[in-house]
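Presented below is the structure to which this report refers.
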Amino acid sequence: MHFVSSVRQAARVVVATAFVAFASQASAQEIPESHIKAAKAAISAVHATDAYDNILPSAALALKQQLIQQNPDLQEMIVQTVDKKTIEMASRRADLEREVALAYARIYSEPDLNAIAAFYQTDAGKKLLREGPIVAREVAKAADIWQRGIARDLTEAVGKELEAEVSAQVKSEPAPAPAPADGAAEPQAEAPELKGLDAPVQ
């Protein structure tokens with residue numbers, strides 16, 4: 001039955017997740033609890049895990065759709081069961097918070113984490129979090145304009161310099177030999193045409 005095989009597949013994912021959690025427990029023993037607590041405070045201050053709020057609801061919705069598609073006659077049962085188990089697993093969000101805290105604690109010292117949490121709880125820190133994406137977009141626009149301008153100016157400057165050097169080279173070449181007796185004139189040396197300066201460097 002498709003329903004049973006689908007549930008077994010989901011169970012394998014849960015087992016793999018449990019293995020990862022067990023492996024991380026060993027490394028957690030090396031970090032003092034006060035350090036982890038400081039990391040959690042910093043994570044909360046910077047909203048580091050807010051982007052993952054929809055992981056469980058999204059997984060539940062995807063599982064409903066998958067099971068209902070394969071077992072349309074069990075739709076009501078599937079919805080009720082998935083909702084029930086989703087609510088039961090909501091408390092496991094704390095596992096994610098701890099894993100993220102461990103990641104922060106491995107990189108930042110406890111005093112650093114306390115300083116991070118303190119700053120982002122100030123008005124300036126909250127404003128940085130709130131308006132940071134806006135500033136990032138403006139910075140990207142400014143960098144793009146600057147990049148195009150400096151590439152254009154570099155192309156123009158190099159073109160002028162090369163043209164001047166090539167022209168000077170042509171002028172410094174020895175004068176052409178006298179025309180032969182039959183009156184045919186020797187071809188005059190011409191400055192080579194510079195190529196590749198029409199399109200600005202991207």
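Summing +1 for each Lys or Arg and -1 for each Asp or Glu among the other residues whose beta-carbon sits under 14 angstrom from that of residue 121 gives +3.
Under a 5 Å amide H cut-off, with hydrogens placed 1.01 Å from N, residue 48 pairs with nothing among residues at least 5 apart or on other chains. Scalar couplings 3J(HN,Hα) for the stretch 42-52, obtained by applying the Karplus form with A = 6.51, B = -1.76, C = 1.60 to θ = phi - 60°, are 5, 4, 5, 5, 9, 6, 5, 10, 4, 5, 9 Hz; x denotes Gly and Pro.
Per-residue 3J(HN,Hα) values for the stretch 82-87, derived from phi via the Karplus relation 6.51 cos²θ - 1.76 cosθ + 1.60 with θ = phi - 60°, read 5, 4, 4, 5, 5, 5 Hz in sequence order (x marks Gly and Pro). The charge dipole of the stretch 93-171, taken about its Cα centre with unit charges on the Cβ atoms of Lys, Arg (+1), Asp and Glu (-1) only, comes to about 220 debye. Within the shell defined by Cβ-Cβ distances under 15 Å, the residues around residue 51 carry a net charge of -3, with Lys and Arg each +1 and Asp and Glu each -1.
Just so you know, all these numbers are worked out from the coordinates, no wet-lab data involved. Computed from a prediction, not measured in an experiment: that's the story for all the values here. Neighbour counts are summed over all protein chains in view; Cβ atoms, including those assigned to glycine, are modelled from backbone coordinates with ideal geometry.
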